[in-house]
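Engineer: Structure incoming, see below.
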Amino acid sequence: MLDALANVFAGNWIISVLAFIAVASTAIIIVIILSENRNPVKSLAWVTVLLLFPVVGIILYLFFGRSFKNTRMISRRSRRKLRRKEKTGYVDAHLLGLDDSSVQQINMGRSLAGAQLYVANTVEVFTCGKEKFDSLINDLQSAEKYINIQYYIFEDDEIGSQVADILIDKARSGVTVRLMYDHVGSFGVKSRFFKRLRSEGIQAYPFFRVTFPQLATRINWRNHRKMCIVDGKIGYLGGMNVADRYITGGRNFAKWRDTHVRVTGDIVSALQYSFAVDWNFMGGALIEDDKIENIEVPVTERAVSNVGAQLLTSGPLSKWPNIGLAFHKAISNAKRRVYIQTPYFLPTEALLKTLQSAALSHVDVRIMMPRYSDSAMLSHASASYINECLEAGIKFYFYTAGMLHSKMMIVDDELVTIGSTNFDFRSFECNFESNLFFYSKELTARMLSVFKSDQACCDRVDASQWRRRPFAVKVAESVLRLLSPVL
């Protein structure tokens, strides 16, 4: 009898200690959240979760709620060394004949991230995976000095193996090859694939490898960038990863529609700088021996020349949400049109209101999304925003020809931005992203033509029909919308 009572008291003591730890941990985290002076809505959401579900809330916060703002990716000394290698020099945007809104946009990029404006660049746009990879493979095969390549996903499939074989051949011939892939994005790829690359002399490393005990500090911060620099002469950037589905459409879609660009000119040095910062942040040696060439590269007839360009990068370590703020500025300045292509539409409150304000001011705002996405959860969460956008006069188009994975925004007649950034919380706040901002009437006109061609493969959302969606569907959308900051 006494033994039984002792066991009960011992059990109660353990429970009391665990309860005290949970309460104390919850209180400490709430104090941390309040002291960070975040967005009140987000802070209140985290406090609510912690109070209602203490244990689960603590785990969720450790994985998804922590802030790493103002953590340096690279030392000041190393940054100065890399900046000296980047082609710099102030260019007065007014001399390019750009309007005042573009000049403001350029100045904002400089203030946010030191993003220089480069002129006289050439840009070739790819909306077809096969054409992009044919061009990339040709440029990789012609590399003489170095290849710096960075992708969120690098699959071990047909195109992945083909690119890998070329990289191995170039490494064997003495070309320096550096490959950076995201550990979570490429999690499904067997380790032997990358081990083979390393055994052949390629410097291939994952970004933020997710292992214990760093699991909670790394899993939510992903490098979503997709870029390649060849010999300092040619650069690639956009939304396409290295995977067969960008060519074949994969198992679930007739095609995978995305946008990627090939650039030449001084803007390539900005891509090189971005890669070098990420490489050093992941423990790689500071890249100081890769020269940026002033060599004229042959371009196809499809390329647009004399394009002004800025590279804007952002991530969870940035002081500001650089790309999100740049989008906000561009939409606020719009006078005629804002056309957006995005696979997921989960805007921040500020961007949502900015889009609504533009539409209510009779700016032609159009948002194109896939009818069927690769993520049902994200599709439902995205759908929860559509009704309030329709009420403001925003036009929505569902792309029906396949999976629309393009990340593009066109504003008025001389600004278009293309890159890796989805129009969602994760891209604006959690992921390391990169977008090129182009200032060119000719390129903007070409991308308007692309948008309208895609629009011919879309169904426009009818407001009255949209409101008649089943009640259960609306409930599911609203519930998933609560999770949008972490989806």
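Engineer: Longer than 31 Å from Cα to Cα, which of 195/319; 353/452; 335/407; 255/319 are they? Say none if no pair is.
Structural biologist: 195/319; 255/319
Engineer: Could you tell me which of the pairs 132/226; 130/170; 170/190 are separated by over 19 angstrom between their Cα atoms in the structure shown?
Structural biologist: 130/170; 170/190
Engineer: What list of whole percents do you get for P(r) of the stretch 297-355, with Cα-Cα distances grouped in 10 Å bins up to the one holding the largest distance?
Structural biologist: Bin by bin from 0 Å, the calculated values are 16, 39, 29, 15, 1.
Engineer: Hey, how much of the P(r) for the stretch 357-423 falls beyond 13 Å, as a percent of Cα pairs?
Structural biologist: Looking at the stretch 357-423, the distances longer than 13 Å represent 70 percent of pairs.
Engineer: Please report the net charge: other residues with Cβ closer than 12 Å to the Cβ of residue 339, K and R +1, D and E -1.
Structural biologist: Here the charged neighbours net out to +1.
Engineer: Between residue 254 and residue 165, what length comes free when the chain is fully extended (0.36 nm per residue of separation minus the Cα-Cα distance, one decimal in nm)?
Structural biologist: Roughly 29.3 nm would be gained on extension.
Rule-based calculations on the coordinates, nothing more; no lab input. Only a predicted model underlies this, so the values are computations on that prediction, with no experimental measurement involved. Reconstructed Cβ throughout: ideal geometry from the backbone, glycine too, with neighbour counts over all protein chains shown.
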